[in-house]
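Here's the structure, in structure tokens; my notes come after.
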Amino acid sequence: MCGRYTLHDTSKSRLNLCSSIVPNFNIYPSTKVLVINDQKQAVFIEWNFTVPGSKTLRIVNARSETINQIKAFQNSRRCVFVANGYFEWKSVNKKKIPYYHTFENSMMYFAGIMNSEGACIVTRPSSSQITEVHSRQPVILNYNTFDDWFQMTHNCENERSRKMKIFKVSI
């Protein structure tokens, strides 16, 4: 599950992104976030997928295993969240210890779904190196796999996760 992420530097992106992005090291649900929509345009949208017909049910993460079966996501469109990294918390002796996940020399792109009201990050079971911290992680896309995601042919595998750097955050 992804509940916090960062976007502070877009210089490593191959996308034509807004230069007016304010660096943010604590992006959380309900924040207006930068996503790439299925028309490959950079747009800002709220990180909260509003379920059609509900004023109160908002979703921040959706399981890759079930997004095609869940009625709430039936008319959603695919999108890509733009990030530099994300945080997960490991529970140790009733304490939560934050860990920051990032790539050394590239941007991080999360698979997402959106509607006119908001967007949510698509997650999957964590890869082996991440399982120790958390059981789920965002579906990580490579720039070259955006089309597969938009065309619904992406397999939600995370080959790129092996290159991820994970840092324990001091508190």
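The values are calculated or read from the model by the stated rules, or taken from the named source; none is laboratory data. Predicted, not measured: the structure shown is a model, and the values here were computed from it. With ideal geometry, Cβ positions are generated from the backbone for all residues, glycine too; neighbour counts draw on all protein chains shown. In case anyone asks, the SASA skips ligands and DNA or RNA and just uses the protein heavy atoms, side chains included. Shrake-Rupley method; radii C 1.70, N 1.55, O 1.52, S 1.80 Å.
A few comments on the model shown:
- Near-label residues of region 74-90 by backbone N, under 16 Å of a point 7 Å along Cα→Cβ of F25: 84-88
- Å² of accessible area per residue within region 90-171, as computed with a 1.4 Å probe and no ligands counted: 54
- Descending principal axes extents, region 1-107, alpha-carbon based, whole Å: 45, 39, 24
- Rounded, prolate or oblate (a/c below 1.5 giving rounded, otherwise prolate when a/b exceeds b/c) for region 47-171 by Cα gyration tensor: oblate
- All distinct Cα pairs of region 1-42 go into the 1/r average, and the inverse of that average, the Kirkwood radius, is 11.5 Å.
- Cβ charges +1 (Lys, Arg) and -1 (Asp, Glu), total dipole of the chain, debye: 520
- Structure remark: mean-square fluctuation, Gaussian network model of the chain, C-alpha springs under 10 Å; the largest value among C79, C156, C120 belongs to C156.
- Coil-residue trypsin sites (Lys or Arg not before Pro) of region 68-171, DSSP, other Cβ within 10 Å capped at 16: K94
- Rough spin-label spacing in nm, given labels placed 7 Å along Cα→Cβ, for D148 and Q129: 1.9
- What a 1.4 Å probe finds exposed on region 1-108 is 49% carbon and sulfur by accessible area, rounded to a whole percent.
- Expected 222 nm ellipticity per residue - DSSP helices of 4 or more, -39500 (n - 2.57), all of the chain, to 500: -500 deg cm²/dmol
- Extended-chain gain in nm, criterion 0.36 nm per residue less alpha-carbon gap, S91 and N68: 5.2 nm
- Legend: distances between Cα atoms for K95/K163; K32/K94; K12/K32; K55/K94; K94/K163; K32/K168; pairs beyond 24 Å are K95/K163; K32/K94; K55/K94; K94/K163; K32/K168.
- Taken over region 109-153, the percentage of Cα pairs per 10 Å bin, counting from 0 up to the bin with the maximum distance, is 25, 46, 26, 3.
- Contact order relative to length of the chain, as percent, for alpha carbon pairs under 8 angstrom and 6 or more apart: 24
- In region 1-79, a dipole from Cβ-located charges (positive for Lys and Arg, negative for Asp and Glu) runs towards its positive end, and of N37, T6, A72 it is A72 whose Cα lies farthest in that direction.
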